[in-house]
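Once you've had a glance at the structure underneath, I'll fire off some questions.
The values are calculated or read from the model by the stated rules, or taken from the named source; none is laboratory data. Please read these numbers as outputs of a predicted model, since none were measured by experiment. FYI the Cβ positions are ideal-geometry reconstructions off the backbone, even for glycines, and counts take in every protein chain you see. With ligands, DNA and RNA removed, areas are computed over all heavy atoms of the protein, side chains included. Shrake-Rupley method; radii C 1.70, N 1.55, O 1.52, S 1.80 Å.
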Amino acid sequence: MIANDRLLRALRRQPVDRTPIWLMRQAGRYLPEYRAVRARAGSFLAMAKDPATACEISLQPLRRFPLDAAILFSDILTVPDALGLGLHFAEGEGPRFARPLRDREAISALTADGLEERLSYVAEAVRLIRRELAGRVPLIGFAGSPLTLACYMIEGGSSADFALARAFAFAEPEAFAELLQLLTEATTRYLLMQRRAGADVLMLFDTWGTLFPPRLYRAFALPSLRAIAAGIRQADPEVPLILFGRGTGPWLEELAGLGYDALGLDWTVDLAEARRRVGDRVALQGNLDPAVLLADPAAIEAETERLLTAYAGAPGHVFNLGHGVSPGIDPDRVGFLIDCVARLSAPLHEAA
Ligand code: CP3
């Protein structure tokens, strides 16, 4: 049993006493205690691959703030790493793969055999975090969407436009489809492994899918997202599922029918309008522009109020940012945001 079940209730669109809040990248470089652990560990990947350190980092934001959920400290790119691409993080440059996928042969040679063993450090981190949380708040496990992972695996690292990956989808559509198929299976298994280890909620991050033309998003993103939800539901009908995507404004009606309990929105979508469009088919998570945290407390309070008004205390809203907390944010501003959500949402839920 989980003492604070606001997140679980909101995802099921049940009434709550106040709107639950957690933040993407709530554990990260904006926290001095994170930077201290990273300096000791040497690198981001060393932290993520050591279950005790990953557990410690996951809990850091909860020691500071009354958040309504913890999220596993890891990365979406652990799956391609386990598939043999050789992940490392170059200082100041983001992720890099030693062996990116550049041709059909490289894709045919991939295998998901033994994936769970190679990612057993993640399962161990989930077990440790879950034990440390002792039922106080739910734990969110996560993975990257197949299309977003394919972007990084073909490109070889971060990119503004993932042009190499997009070109590959046009040049080698069959190999691209084969890659998505493999990643769909791998992602489903990876999420189920986290669930078995104790994750209370599972979330999929599709950061880059909508960079593709709509025809390719429809052909490659939607079927893989649907298959993952179906595969998880088959093994575990109860676990709440969240799908976060950037740039999904044009796709909300279709995404609401893929089998997820909630859609995570970036800040380019109007929350009230999104709510009207999805109706009561899914809950919505989001979607404060992270830049508001760089403004001032008055702006944080005003924007929080505006977002809460979109639901006016009705069930089905999880407060979050439209993307992750960025490294330059003052932790006190994050604390102020969390206070605002509690203070401003409680009366709305009481009246609703
Ligand atoms: O949200 C959380 O607190 C949980 C942990 C988490 C991380 N990455 C830790 C991380 C989660 C859920 C992710 C997801 C992730 N990783 C996504 C999808 C969401 C998104 O941000 O769009 C993507 C695209 C990645 C890939 C990735 N990881 C990039 C591009 C980078 C470099 C950019 C950056 O922010 O440094 C990372 C590194 C990373 N992953 C850090 C953290 C805390 C920073 C590492 C550091 O330098 O200390």
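Condition first: charged (D, E, K, R) and in contact (Cβ under 8 Å) with a residue 40 or more places away in the chain. Now tell me which residues in the range 289-322 satisfy that.
Glu301
Can you pull out every residue in the range 310-330 that is among the aliphatic types (A, V, I, L, M) and open to solvent by less than 50 Å² (accessible area, probe 1.4 Å)?
Once the filter is applied, which keeps residues that are among the aliphatic types (A, V, I, L, M) and open to solvent by less than 50 Å² (accessible area, probe 1.4 Å), the range 310-330 yields Ala310, Ala314, Val318, Leu321, Val325, Ile329.
Could you tell me whether any residue of the range 275-288 is open to solvent by less than 20 Å² (accessible area, probe 1.4 Å), in a helix (DSSP H, G or I), more than 16 Å from the ligand (Cβ to nearest atom) and in contact (Cβ under 8 Å) with a residue 12 or more places away in the chain?
Yes: the range 275-288 contains one or more residues that are open to solvent by less than 20 Å² (accessible area, probe 1.4 Å), in a helix (DSSP H, G or I), more than 16 Å from the ligand (Cβ to nearest atom) and in contact (Cβ under 8 Å) with a residue 12 or more places away in the chain.
Out of (1) touching a residue at least 40 places away in the same chain (Cβ under 8 Å); (2) in a helix (DSSP H, G or I); (3) surrounded by fewer than 21 Cβ atoms within 10 Å (Cβ to Cβ), the odd one out for Thr268 is which?
Failing condition for Thr268: (2).
Further, regarding this structure: When you scan the range 109-163 for helices (runs of 4 or more DSSP H) that lie fully inside it, which ones turn up with 1 or more residues that are within 14 Å of the ligand (Cβ to nearest atom), open to solvent by less than 30 Å² (accessible area, probe 1.4 Å) and not basic (Lys, Arg)?
Output list reads 120-133, 146-155.
A further question follows. Test of understanding: among Val325, Val334, which residue is in contact (Cβ under 8 Å) with a residue 12 or more places away in the chain, assigned to a loop (DSSP other than H, G, I, E, B) and among the aliphatic types (A, V, I, L, M)?
After applying the criteria, what remains is Val325.
Select from the range 315-337 the residues that are closer than 21 Å to Pro15 by Cβ and either touching a Pro at 6+ places or on another chain (Cβ under 9 Å) or within 16 Å of the ligand (Cβ to nearest atom) (or both) and list them in ascending order.
Across the range 315-337, the qualifying residues are Pro315, His317, Val318, Phe319, Asn320.
Go through (1) open to solvent by less than 50 Å² (accessible area, probe 1.4 Å); (2) assigned to a loop (DSSP other than H, G, I, E, B) one by one and return the number of the condition Leu307 breaks.
(2)
Same structure again: If you check every pair at least six apart or on different chains, which have Cβ atoms under 9 Å apart with a residue in the range 181-208 that is farther than 10 Å from Ala112 by Cβ and open to solvent by 10 Å² or more (accessible area, probe 1.4 Å) first and a residue that is at pLDDT 95 or above and aromatic (Phe, Trp, Tyr) second?
Note: pairs meeting the criteria are Phe205/Phe142; Phe205/Phe244; Thr207/Phe244; Trp208/Tyr152; Trp208/Phe162.
I need the full set of residues from the range 209-238 which are closer than 17 Å to Arg130 by Cβ and either open to solvent by 50 Å² or more (accessible area, probe 1.4 Å) or in a helix (DSSP H, G or I) (or both), in order please.
Residue satisfying the conditions is Glu238 alone.
Condition first: part of a helix (DSSP H, G or I) and either of a type in the set (Asp, Glu) or surrounded by fewer than 16 Cβ atoms within 10 Å (Cβ to Cβ) (or both). Now tell me which residues in the range 95-108 satisfy that.
Glu105, Ser108
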